[in-house]
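> This is the structure I want to talk about, given as structure tokens.
Nothing in this text is a laboratory measurement; each read-out follows from the coordinates by a stated rule. None of these values were measured; they are calculated from a predicted model. Because the Cβ atoms are built from the backbone with ideal geometry, glycine has one as well, and the counts that use them run over all protein chains shown.
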Amino acid sequence: MPPTPSTMLPLGTAAPPFRLPSTDGKIVSDTDYADAKGLLVIFACNHCPFVIHVKDEIARIADNYMTQGVAVVAINPNDADEYPDDSFENMKERAIEWRWKFPYLHDESQEVAKAYRAACTPDFFLFDADRILIYRGQLDDSRPNNGLPVNGADLRHALEALLVGEKPTWEQKPSIGCSIKWKPGNAPPYAM
């Protein structure tokens, strides 16, 4: 299956709400981060080679920017019945193995992924303090086997802009990854 690009949700979109179970046993909501300087929402999963390729940089970015007041969550929307590697139990193991110190959430209904118009894993959405979308797209130009370094350049630039009260002004490139594994009959129109 060819790689899938992100849909590039329009900038200026308000952050869709979520309330989902986390691998640490808690229920996590967007409202838990009302005082954060920004909110980074990452759609990810356990088995996608594109996610595995950048998992360590995701951990480094989260470790760096959470200490500066940015909230970070990852959401796995994949159909675990058809893709057992993406089960909630396996998510718990990956969160520990990958040293993800932020909530890794399970979107079993896939409704949150639809609200964000998420299309692939990984897919990145950065919202400002007012929860308005200021960045969506790729982590950086690296892909599995393309030889470019994983440095998080695009997302890091957006996060730096956020922290100084600016909006990214450069062209934002779509993320590329594995398509979200929709449950039978559940794929939204934009994913067909």
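> Starting from the 7 Å offset along Cα-to-Cβ, what nm value, one decimal, do you get for the label separation of Tyr190 and Leu11?
The two pseudo-label positions are separated by 1.7 nm.
> Can you give the helix-only mean residue ellipticity at 222 nm for the chain, where every DSSP H stretch with n ≥ 4 adds -39500 (n - 2.57) and the sum goes over all residues, rounded to the nearest 500 deg cm²/dmol?
-7000 deg cm²/dmol
> What is the calculated FRET efficiency for Ile132 to Lys183, with r their C-beta to C-beta distance and R₀ = 30 Å, to the nearest 0.05?
Between Ile132 and Lys183 the formula returns 0.50.
> Give me the lysines in straight-line cross-link reach of Lys181: C-alpha distance below 18 Å, same-chain residues under 8 apart excluded.
Within the straight-line cut-off, Lys181 pairs with Lys114.
> Calculate, in nm to one decimal, what Lys173 and Lys37 gain on full extension: separation in residues at 0.36 nm each, minus their alpha carbon distance.
Gain on stretching Lys173 to Lys37: 46.6 nm.
> Given the Cα-Cα distance of Thr67 and Ile96 and 0.36 nm per residue of separation, how much length would full extension add, in nm?
Separation in residues times 0.36 nm, less the Cα-Cα distance, equals 8.5 nm.
> Between segment 1-65 and segment 174-192, what's the alpha-carbon centroid distance in Å?
Spelled out, the Cα-based centre of one part sits 16 Å from the other.
> With N residues in the chain, what two-decimal value do you get for its Cα radius of gyration over 2.2 N^0.38 Å?
Scaled against compact globular proteins, the figure is 0.93.
> By counting other Cβ atoms within 10 Å of each Cβ, how are Trp170, Trp100, Trp182 ranked from fewest to most?
Result, fewest neighbours first: Trp170, Trp182, Trp100.
> While we're here: Once you place label points 7 Å from the Cα toward the Cβ at Asp141 and Arg60, how far apart are they in nm?
According to this spin-label approximation, the distance is 1.7 nm.
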